[in-house]
Amino acid sequence: MITFLGNVKDLSLITILLASMIYRRQLKLTRWQRKLTVGEWTMYIMLSIALPFYAIYYLVFLLGT
């Protein structure tokens, strides 16, 4: 049961990561068409910082094990 829950957690993390990358790409394309709102700018900046930070963290985690 614990293994199953661990797999579900990993799958949900991958889903969130992929959705974040797709949403950032969509915001980038929207920025070319029109001016982004304050909320969209906030999400764009947060995703631009969080995605590379997570990638570095995950790489360090993999190298540490």
All positions within segment 15-32 that are of a type in the set (K, R) and surrounded by 13 or more Cβ atoms within 10 Å (Cβ to Cβ): R24, K28, R31
Within segment 33-47, tally of residues that are more than 15 Å from the chain's Cα centre (by Cα), open to solvent by 90 Å² or more (accessible area, probe 1.4 Å) and either in contact (Cβ under 8 Å) with a residue 40 or more places away in the chain or closer than 24 Å to L17 by Cβ (or both): 1
Residue count for segment 48-65, restricted to those that are surrounded by fewer than 10 Cβ atoms within 10 Å (Cβ to Cβ) and either among the hydroxyl-bearing types (S, T, Y) or in contact (Cβ under 8 Å) with a residue 40 or more places away in the chain (or both): 1
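The values are calculated or read from the model by the stated rules, or taken from the named source; none is laboratory data. Keep in mind that this is a model prediction, so the values were computed, not measured. Glycine also receives a Cβ, built like all others from the backbone with ideal geometry; neighbour counts cover every protein chain displayed. These accessible areas exclude ligands, DNA and RNA; they are computed on the full protein's heavy atoms, side chains included. Shrake-Rupley method; radii C 1.70, N 1.55, O 1.52, S 1.80 Å.
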